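Below is one structure; the comments refer to it alone.
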Amino acid sequence: MTRALYPGTFDPIHHGHIDIASRASLIFDEVIVAVYDAPPKKLLFTTEERLALAKEAFAHLVNVRVTTYTGLTVECARQLQAQVMIRGLRHVTDFEKEYQVGMANRQLAGDIELCCLFCSINYAYVSSTILKEVASLGGDYAYWTPPHVQQALQHKFGQRQAAITPQDSSGRNPKLSHHG
């Protein structure tokens with residue numbers, strides 16, 4: 001059985017993250033989404049909130065489970081007996097960063113492989129940072145997150161309708177409709 005670890009802060013989880021983990025679940029027997037408990041950056045959501053949001057996002061995937069961790073990611077992988085670490089790539093700067101981290105991890109744990117998956121083109125520009133900024137300013141971010149994450153962001157920023165995507169009389173989002 002091949003077990004893969006997909007680590008991150010997931011602050012908050014969005015469709016880009018879900019895309020990577022969902023596709024990884026088709027490749028590996030088990031995928032463990034590991035929410036980093038104490039990253040050296042300011043977070044919007046607590047560890048418990050990020051864990052709950054991730055669990056709900058992956059509830060439909062039988063071979064994906066969600067946990068938290070602290071310390072070195074390679075140590076988490078070892079403790080969970082993961083043979084592979086999953087990383088998502090959106091653009092060239094992601095590749096450069098993941099290459100550097102991957103080489104360091106290779107030195108620390110040569111027995112754990114790194115698997116980088118390209119994010120779907122639909123979400124290649126989405127990051128948790130952009131998502132939080134748009135949400136904090138009342139912009140439309142409904143396309144980037146599942147409804148339960150939209151509700152959590154609305155609660156954090158005190159907005160009631162910020163994530164609601166306007167629909168035309170047919171029920172379609174006019175921004176996403178294709179004419180032609």
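Only DSSP H runs of four or more residues enter the estimate; each adds -39500 (n - 2.57), and after division by the residues of the chain the mean residue ellipticity at 222 nm equals -11500 deg cm²/dmol.
Positive contributions from Lys and Arg (+1) and negative ones from Asp and Glu (-1), summed over other residues with Cβ under 11 Å from the Cβ of GLN83, come out at -2.
Modelled this way, with points 7 Å down the Cα-to-C-beta line, the labels at ALA38 and TYR143 are 4.0 nm from one another. Across the options PHE45, VAL84, SER22, the greatest Cα extent toward the positive end of the charge dipole of the chain (unit charges at beta carbon of Lys, Arg, Asp, Glu) belongs to PHE45. Ignoring the sites themselves, the chain has its longest run without trypsin sites (Lys or Arg not before Pro) in a DSSP loop having at most 15 other Cβ atoms within 10 Å at 43-159.
Pairs of lysines 8 or more apart, or on different chains, with alpha carbons under 25 Å: count those in the chain, would you? Lysine pairs meeting both conditions in the chain amount to 13.
Each other residue within a Cβ distance under 12 Å of GLU56 adds +1 if Lys or Arg and -1 if Asp or Glu, for a net charge of +1.
For the chain, would you read off the P(r) tail past 19 Å as a percentage of all alpha carbon pairs? Taking all Cα-Cα pairs of the chain, the fraction more than 19 Å apart is 60 percent.
The numbers here are math on the coordinates, done by the rules we state, and not lab data. Computed from a prediction, not measured in an experiment: that's the story for all the values here. With ideal geometry, Cβ positions are generated from the backbone for all residues, glycine too; neighbour counts draw on all protein chains shown.
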